[in-house]
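First up is the structure itself, then whatever we jot down about it.
The values are calculated or read from the model by the stated rules, or taken from the named source; none is laboratory data. Everything numeric in this text was worked out from a predicted model, so none of it was measured. In this analysis, Cβ positions are derived from the backbone assuming ideal geometry, glycine residues included, and neighbour counts consider all displayed protein chains. Calculation scope for accessible area: heavy atoms of the full protein, side chains included, ligands and nucleic acids excluded. Shrake-Rupley method; radii C 1.70, N 1.55, O 1.52, S 1.80 Å.
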Amino acid sequence: MDKKIDRQALVAFLNEKMDAQAEVFEDNTEASIKVPRLKLVETMQKLRENPQYKFDVLMNLSSVDYPENFTVIYHLFSIEHKHYLTVKVEISKENPCWVPSVSSVWKAAQVHEREVFDLMGILFNDHPDLRRILLPEDFAGHPLRKDFTQQAD
Amino acid sequence: MNDIRTQEMNLNFGPQHPSTHGVYRGVFTMQGEYITKCVNHIGYLHRGIEKLAESRTYTQFIPYNGRLDYVSGILNEEAYVRAVEKLMGISDQVPERAEYIRVMMAELQRIASHLVFYSSMALDMAGFTPWTYGFRERDTILDLFEMATGSRMMPNYMRFGGVAADLNEEFMPALRKLLDIMPKCMEEYHGILTGNEIFQARTKGVAPLSREKALIYGISGPSARASGIDYDLRRDEPYGIYDRFKFNVPVRQTGDTFDRYIVRMEEMAESVKILEQAYREIPEGPVLAKVPKIIKPPAGEVYHRIEHSKGHLGFHIVSDGTAKPYRLRICSPCFVNVAIFEEMAVGLHLQDAVVAFASLDIVLGEIDR
């Protein structure tokens, strides 16, 4: 599970090849890089296609409501090289907040992004069919946000 | 055929179709008997378990996992417990005996889950007898769970650093009995269904899924291995003590309904092999490590996944250092796998779509969470 790649080299490669402005993200997982949202799709495309990295599977797409920002987190995996990478995009709590959709890179992102949109209220630009997925169409609010309180408590 | 005038119509498949082990609705656009478009509707069972996790302590959240995939609860528990152990940095403190018990429980659960798959797929083709065969051994396995955990379907058995209780003296002889009859039972399953001509005609070449498509949709588990993706976390990234066991990973190439079926059938036989080894080698000793009473993982995050009976089940947990998770995301295999059906159903006959859907082996409790 812990096969990690040389993040410094990866970030240098991304920045040099396509001016991705990627950074090494310091957290306890030691597998994360940070990418600005405008460069996200391009970067993901590169990560999937470059034979040295070849991240052909999007394992998971997650989102966290931190006090200072929203973070969208992509867990990537390469079947061939058996290595992992976490890509993070930080977005400020503007309204509406958005990130570009990566569903053109991995179709798996379509349902994940719909869920994040539904439960966290983050828009995914260029998503082919961004609708609520788990909650009814007329549901008000986005339950996974920290300011959405449970009624039972 | 072309001079027969047909009219497009919408057909609601569900929301309570039995092949789905829950409430799924597909809206099919039909042209005659063929499906030209399919739209998935899920969410009927949504209980907000990810949100609930934020107001429960790490230990309190364990029983919720059994309610996700209610036909293989132990595997959901294992994925969660291992993720938290990794976050705590205590993965290596789990006692030997507990690791063996975990493997035994996980493989028993895998067999039980695949038996539900076998039975319900047969039932979707109006085969009632195979259904009774599959549920017969599943019931024996549930008896084993009752002996070990006190519960048949919602075990709440895994703990951080081990398992809740040691096996009682009835368990091992009962397991021996099951392992002795399983090869014979497997023959029976194959005899009544696999070789059946109608079954083969209804499944071979139906709804094939290419390797490329499976990858881009993120399909995992037996459904992916049927499409030629030779990847099994138990073998390729062993967690726990899986690296000590000898077993094969069944892989097929075409990814049609039959392949998805046969991969699961072969996996059951492999699970029996693992159980045989675990039965022989399980040592005596404690089953729970000395871990703090109140679980407070250090601030940070973790993503950990295991080989669930239906694919790769991952937990992404963000901790802020308190006793409750700050954010807990469950990446369930069924949620990802069901998405392919919108594309898979197109061009199929209605009755083939039912079987193709069953061959994905999804459980709605885990899709909706």
*Cβ neighbours within 10 Å from other chains - mean over A:111-119*: 4
_Length released on extending from B:N168 to B:Q200, taking residue separation times 0.36 nm less the Cα-Cα span_ = 7.2 nm
*What share of the DSSP beta bridges in chain A is antiparallel, in percent to the nearest 5?*
75
_Alpha-carbon radius of gyration plus Dmax, which is the widest Cα pair, for the stretch A:10-153 in Å_ = 15.6, 52
*By how many degrees, 0 to 90 and rounded to 10, does the Cα axis of helix B:73-88 deviate from the longest principal axis of chain B?*
50
*Calculate the translational D of the stretch B:40-192 in whole µm² s⁻¹ from Stokes-Einstein, where the hydrodynamic radius comes from the Kirkwood formula applied to all Cα pairs, the temperature is 25 °C and the viscosity 0.890 mPa s.*
145
*Per-residue mean of other chain beta-carbon atoms within 10 angstrom of the beta-carbon, peptide B:209-219?*
4
*For the stretch B:227-369, average projected area of the Cα convex hull in nm²*: 11.4
*Cα-based Lys proximity count in chain B, under 26 Å, for pairs eight or more positions apart or on separate chains*: 29
*Whether the stretch B:119-204 is rounded, prolate or oblate, judged on the alpha carbon gyration tensor where a/c under 1.5 counts as rounded*: prolate
*asked:* Just to check I understand the Karplus step: with θ = phi - 60° and J = 6.51 cos²θ - 1.76 cosθ + 1.60, what whole-Hz values come out for the stretch B:122-135, glycine and proline as x?
replied: 4, 5, 5, 9, 6, x, 7, 4, x, 4, 5, 5, x, 6
*Dipole of the stretch A:16-150, positive end: most advanced residue of A:P96, A:V72, A:M18 [Cβ charges, Cα centre]*: A:M18
*So what is the relative contact order of chain B, in percent, for Cα pairs below 8 Å that sit 6 or more residues apart?*
27
*Provide the percentage of antiparallel DSSP beta bridges, counting only those with both residues in chain B; round to the nearest 5.*
100
_I'd like the Kirkwood hydrodynamic radius of the stretch B:6-114, using the inverse of the mean 1/r over distinct C-alpha pairs, in Å._
17.1
_Taking 0.36 nm per residue of sequence separation and subtracting the Cα-Cα distance, how much length would be gained by fully extending the chain between A:I79 and A:E137, in nm to one decimal?_
17.2 nm
*Given Cα pairs under 8 Å that are at least 6 residues apart, what percent is the relative contact order of the stretch A:63-149?*
22
*Can you give the percent of C-alpha pairs in the protein assembly as shown whose distance is more than 37 Å?*
28
*Relative to the compact-globule scaling 2.2 N^0.38 Å, provide the ratio for the alpha-carbon radius of gyration of the stretch B:29-70.*
1.96
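List the relative contact order of the stretch B:172-251 as a percent without decimals, with contacts defined as Cα pairs under 8 Å and 6+ residues apart.
18
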*asked:* List, by residue number, every residue in the stretch B:282-304 with a reduction of 30 Å² or greater in accessible area between the chain on its own and the complete protein assembly, 1.4 Å probe.
replied: B:E301, B:Y303
*Have a look at A:V116, A:G141, A:Q45 and report the one farthest towards the positive end of the charge dipole of the stretch A:2-153, computed about the Cα centre with Cβ charges (Lys/Arg +1, Asp/Glu -1).*
A:Q45
_Can you give me the accessible area per residue for the protein assembly as shown, using a 1.4 Å probe, in Å²?_
39
_Skipping prolines and chain starts, which residues have an amide H placed within reach, meaning under 5 Å, of the one on A:F25, given they are 5 or more residues away or on another chain?_
A:S32, A:I33, A:K34
*Kindly write out, for the stretch A:20-32 in residue order, the coupling ³J(HN,Hα) from the Karplus curve 6.51 cos²θ - 1.76 cosθ + 1.60 (θ = phi - 60°), rounded to whole Hz, with x marking Gly and Pro.*
6, 6, 7, 9, 6, 9, 7, 9, 6, 7, 6, 9, 9
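Once you average over the residues of A:65-77, how many Cβ atoms of partner chains fall within 10 Å of each Cβ?
Neighbouring Cβ atoms belonging to other protein chains average 2 per residue here.
Sort B:128-138, B:254-264, B:107-117 for me by packing, meaning the mean count of neighbouring Cβ atoms within 10 Å per residue, highest on top.
Those peptides, ordered most packed to least, come out B:107-117, B:254-264, B:128-138.
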*Considering the dipole of chain B built from charges on the beta carbon (Lys and Arg +1, Asp and Glu -1) around the Cα centre, which of B:V27, B:L179, B:I229 is farthest to its positive end?*
B:V27
*Over all distinct alpha-carbon pairs, what is the Kirkwood Rh of the stretch B:59-99 in angstrom?*
10.8
*Estimated dipole of the stretch B:237-331 in Debye, rounded to 20 [Cβ of Lys and Arg +1, of Asp and Glu -1, Cα centre]*: 480
_Can you give me the convex hull volume of the Cα atoms of the stretch B:311-369, divided per residue and expressed in Å³?_
80
*Quick one: pull the percent of accessible area on the protein assembly as shown belonging to carbon and sulfur, 1.4 Å probe, ligands and nucleic acids left out.*
52
*Ballpark to the nearest 100 Å², how much total accessible area do A and B bury together, probe 1.4 Å?*
3600
_Spherically averaged projected area of chain B from its Cα convex hull (nm²)_ = 18.2
